[in-house]
Amino acid sequence: MAEEMIVKELDEVVVRFSGDSGDGMQLAGNMYSNISETEGNDISPFPDYPADIRAPQGSLTGVSGFQVHIGAGKVYTPGDKCDVLVAMNPAALKTQYKFCKPQAVIIIDSDSFTKRDLEKAKFTLENPFSELGIKNEVVSAAITTMCKESLKDSGLDNKSILRTKNMFALGLVCWLFHRDVKVGEKILREKFAKKPEIAEANVKVLYDGYHFGENTHASVSMSYTVPSKAQKEPGKYMDINGNKATAYGLMAAAEKAGLQLYLGSYPITPATDILHELAKHKSLGVKTVQCEDEIAGCASAVGASFAGALAVTTTSGPGICLKSEAMNLAVITELPLVIVDVQRGGPSTGLPTKSEQTDLLQVLFGRNGESPMPVVAASSPTDCFDAAYLACKIALEHMTPVVLLTDAYIANGSAAWRLPDLNTYPSICPPYVKLEMADSWTPFQRDPQTGVRYWATPGTPGFMHRIGGLEKSNETGAISTEPENHFLMTKLRAEKVEKIADSLPPLTVEGDPDADLLIVGFGGTYGHLHSAMDQLNAMGKKAALAHFRVINPLPKNTAEVLRKYKTIVVAEQNMGQLAGYLRMKVEGIHLHQFNQVKGQPFVVKELVEAFSQLF
């Protein structure tokens, strides 16, 4: 009788799938995330794919990866290094082994480790494990051969059969962690509902991979289980990525405000999926236009705003450069507009599929003239919904363009999202003109409390008017070049943005209330900084975290919070843009900095090591 395999219970595990960009690693990783999520685990995934549309097969530059961190309780990051690496070819092994923990299990498709495959990956020895000094447990499975044998009578061509290799690997990983493979079967049948023969083939291979592990014990010393200990709030949940959550947040705001949603956009990685998602919802009154370029996308949105719609344009850093003139048109006309910037690596074309926070100063100051613009930053895939809703609320209620910053990491990352009750969200009330104003109204007449100009949409009887890119008289709305009027209008536009802080929640501080170190950040670094704070506190070092959601205007208690701490470190994925901005806005503070511009998320271990030196 075969010896019973040891099953070890873990609180968390990190799995990384890697292979050619045509090997389906993103699908396998997404499915494994969904399977684990369905079983009650918390997850934090990280898709990591190349910018090449299709690099040469087996090349080092064409490796696509997907890492997911699965926890019994709350997890905040995709994990620094993995416990299991699936490497479908030598190039994947060579480029991804650096992400392995010393005790990690490595799963390979032995059929893809031929002499030619090794040469493509620039190995010099016939044994790649020896060349890399790998001493980990290795599960060597002839995945290609087994897939061909499994589907030889399926009627599928060879190319279609080879595309199922990712499901064999997924099935093997499901066995290793005692995941319910039936959940994967359900996902496949839904995904390929219109191609039942493809669905059946992938389901069969998924089970083959699971049974291969079950029958052979896959040459590993033990298998693992990650029980669910997290208490989730009751409700309906769905798996959502940041771009889809952003799209949903925009639609929710339009519905709450009673307006049509208009998107003028131009495709750009990694923001295009927002355009794709919104284009699916014509039934909700959403209008999407794929324009000829970035300039037209933003300019058409300004026009839609003038016409009375909730207007949005989506892009990434290079597109912000091109949109800046039209964004400034929205500043001087004081029209509501939401500009979504899904940040990526730069400058220029830079790293299109990688993530950075290098657009902050551009969206704050990257326009001609004095052009204040509110900036909101989302902190996680699910937070993209709330951040988008907030950006729309600010734009519509304060008659201003607003930038919503996300980044490639959270835009492509996903999480379980509890479907919200829109009735619990705050109302959105644009400052429309009132009928009694008709005889005395001028285009830049303002609410005396907020400084916000009243909005007269075209077709409102008695409120015919013109606005445009030339400076206007505060009193009449006619074109004016008077020095004192320009100075006044400049101050009024700035004061209007500053007064937004009156309606914003204060900056909150998480962690040890008597901390010796305050960690400061913004945007998609939240999970990594929170994890670093938790580890520092577990080590007996007192740390806290202040993470900015609204960067312009800063929360009213920003100076009070920052001056409370003797030691502050600002950690960001740029060369110090938030730190410089905070120094400009808050006098008399000393800030340490932690800066990386690698196109990759922070590594928590590196954060902890760097922050520990500040105590």
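Please state the relative contact order of region 106-158 as a whole percent: Cα pairs under 8 Å, 6+ residues apart?
Values: 36 pairs, mean separation 26.0, N = 53.
Contact order relative to length: 49 percent.
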tail above 24 Å in the computed P(r) of region 279-389, as % of all Cα-Cα pairs, reads 25
Once amide hydrogens are built 1.01 Å from N within the peptide plane, the residues lying 5 or more places from D407 or on another chain with amide H under 5 Å from its amide H are Q343
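Dividing the alpha-carbon radius of gyration of region 270-337 by 2.2 N^0.38 Å (N being the number of residues), what value is obtained?
1.08
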Report ³J(HN,Hα) in whole Hz for each residue of region 338-344, in order, from the Karplus equation J = 6.51 cos²θ - 1.76 cosθ + 1.60 where θ = phi - 60°; Gly and Pro get x.
10, 10, 8, 10, 8, 5, 9
Amide hydrogen neighbours beyond the local backbone of Y432, cut-off 5 Å, H modeled
W455
log10 I(q)/I(0) for the chain, Debye formula on C-alpha points only (no solvent), q = 0.11 Å⁻¹, two decimals, reads -1.07
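Quick check on region 153-237: take the gyration tensor over C-alpha atoms, sort the square-rooted eigenvalues as a ≥ b ≥ c, and tell me if it's rounded (a/c under 1.5), prolate or oblate.
Values: a/c = 3.41, a/b = 1.26, b/c = 2.71.
Judged from the Cα gyration tensor, region 153-237 comes out oblate (a/c at least 1.5, b/c at or above a/b).
Determine the shape class of region 348-396: with a ≥ b ≥ c the square roots of the Cα gyration tensor eigenvalues, call it rounded for a/c under 1.5, and otherwise prolate if a/b is greater than b/c, oblate otherwise.
Working: a/c = 2.88, a/b = 1.03, b/c = 2.78.
It comes out oblate by the Cα gyration axes.
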Quick one: what Rg and Dmax do you get for region 1-151 from the alpha carbons, in Å?
15.9, 51
Tilt relative to the chain, helix 25-38 - C-alpha long axis, 0 to 90 degrees, to 10:
80
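Averaged per residue, what accessible surface does region 234-336 expose to a 1.4 Å probe, in Å²? Spell out each step's value before the answer.
On the way: 3790 Å² over 103 residues.
Ligands and nucleic acids excluded, the result is 37 Å² per residue.
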Any lysines whose Cα falls less than 18 Å from that of K229, other than same-chain ones fewer than 8 residues away, would be K8, K74
As a test question: what accessible area, to the nearest 10 Å², does S221 have when a 1.4 Å probe is rolled over all protein chains in place?
70
Students sometimes get this wrong: rank L10, L261 by accessible area, probe 1.4 Å, all chains present, largest first.
L10, L261
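What per residue convex hull volume, in Å³, comes out for region 64-222 when only alpha-carbon positions are used?
Values: hull volume 21.0 nm³, N = 159.
With only Cα atoms used, region 64-222 gives 132 Å³ per residue.
Once the mean 1/r over all distinct Cα pairs of region 187-274 is inverted, what Kirkwood radius in angstroms do you read off? Please list the in-between numbers first.
Numbers: mean 1/r = 0.0548 Å⁻¹.
About 18.3 Å for region 187-274.
Could you look at the chain and say what percent of its accessible area is carbon and sulfur, using a 1.4 Å probe and all protein chains? The partial results should precede the final answer.
On the way: 13910 of 26420 Å².
Accessible surface attributable to carbon and sulfur in the chain totals 53 percent.
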Amide H contacts of V452 (H built 1.01 Å from N, under 5 Å, at least 5 apart or other chain):
D447
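Have a look at the DSSP beta bridges in the chain and tell me what percent are antiparallel, nearest 5. Please report the intermediate quantities before stating the final value.
Values: 28 of 82 bridges.
Antiparallel bridges make up about 35 percent of those DSSP assigns within the chain.
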What's the center-to-center distance, using Cα atoms, between region 419-498 and region 33-74 in Å?
47
For K491, K122, give me the order by solvent-accessible area with a 1.4 Å probe, most accessible first, ignoring ligands, DNA and RNA.
K122, K491
With every protein chain present, what accessible area does E9 have (1.4 Å probe, heavy atoms only), rounded to the nearest 10 Å²?
120
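With a sphere of radius 13 Å drawn around the Cβ of H547, what net charge do the other residues whose Cβ falls strictly inside it have (Lys, Arg +1; Asp, Glu -1)? Mind showing how you got there, number by number?
Values: positive: R549; negative: D383, E510, E572.
Combined, the nearby Lys, Arg, Asp and Glu give -2.
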All-pairs alpha carbon distance profile, region 488-603, 10 Å steps from 0, percent:
13, 43, 32, 10, 2, 0
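Viscosity 0.890 mPa s, temperature 25 °C: what is the translational diffusion coefficient of region 18-66 from Stokes-Einstein with a Kirkwood Rh over Cα pairs, rounded to a whole number of µm²/s? Numbers along the way, then the final one.
On the way: Rh = 11.5 Å.
So the translational diffusion coefficient is about 214 µm²/s.
Based on the mean of other Cβ atoms within 10 Å per residue, sort peptides 406-415, 432-441 so the most packed one is first. Before the final figure, lay out the partial values.
Values: 406-415: 28.5, 432-441: 11.9.
By packing density, highest mean first, the sequence is 406-415, 432-441.
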So how far, in whole Å, is the C-alpha centre of region 85-100 from the one of region 179-212?
25
Table column - 3J(HN,Hα) (Hz), region 555-563, Karplus curve with 6.51, -1.76, 1.60, x for Gly and Pro
x, 5, 9, 4, 4, 4, 5, 5, 6
Place +1 on the Cβ of every Lys and Arg and -1 on the Cβ of every Asp and Glu in region 306-442, take the dipole about the Cα centre, and give the residue among I332, L360, S348 whose Cα lies farthest towards its positive end.
S348
When the Kirkwood hydrodynamic radius is evaluated over all pairs of different C-alpha atoms of region 538-603, what value in angstrom, to one decimal, is obtained?
13.2
From the phi angles alone, apply the Karplus equation (6.51, -1.76, 1.60; θ = phi - 60°) to region 95-108 and give each ³J(HN,Hα) in whole Hz, x where the residue is Gly or Pro.
8, 9, 4, 4, 8, 8, 6, x, 9, 5, 8, 10, 10, 10
Largest-first ranking of M399, M222, M584 by accessible area, probe 1.4 Å, whole protein assembly kept, is M584, M222, M399
Quick check of the Kirkwood formula: for region 216-370, what is the inverse mean of 1/r over all pairs of different Cα atoms, in Å?
17.4
With a 1.4 Å probe and all protein chains left in place, how much accessible area per residue does region 561-615 have, in Å²?
49
Mean residue ellipticity at 222 nm from the helices of the chain, using -39,500 (n - 2.57) per DSSP H segment of n ≥ 4 over the full residue count, to the nearest 500 deg cm²/dmol?
-11000 deg cm²/dmol
How would you order 359-367, 20-28, 112-120 from highest to lowest mean count of nearby Cβ atoms within 10 Å?
20-28, 359-367, 112-120
Using only Cα positions of region 394-536, each an equal point scatterer, no hydration layer, compute I(q)/I(0) via Debye at q = 0.10, 0.17, 0.20 Å⁻¹ and quote the log10 values to two decimals.
-0.58, -1.08, -1.30
Per residue, how much accessible surface does region 46-190 expose to a 1.4 Å probe? Answer in Å², no decimals.
44
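The values are calculated or read from the model by the stated rules, or taken from the named source; none is laboratory data. It should be emphasised that the depicted structure is a prediction, and the values quoted were computed from it without experimental measurement. Virtual Cβ from ideal backbone geometry, glycine too; neighbours counted across all protein chains shown. To get the accessible areas, we keep the full protein, side chains included, count just its heavy atoms, and leave off ligands, DNA and RNA. Shrake-Rupley method; radii C 1.70, N 1.55, O 1.52, S 1.80 Å.
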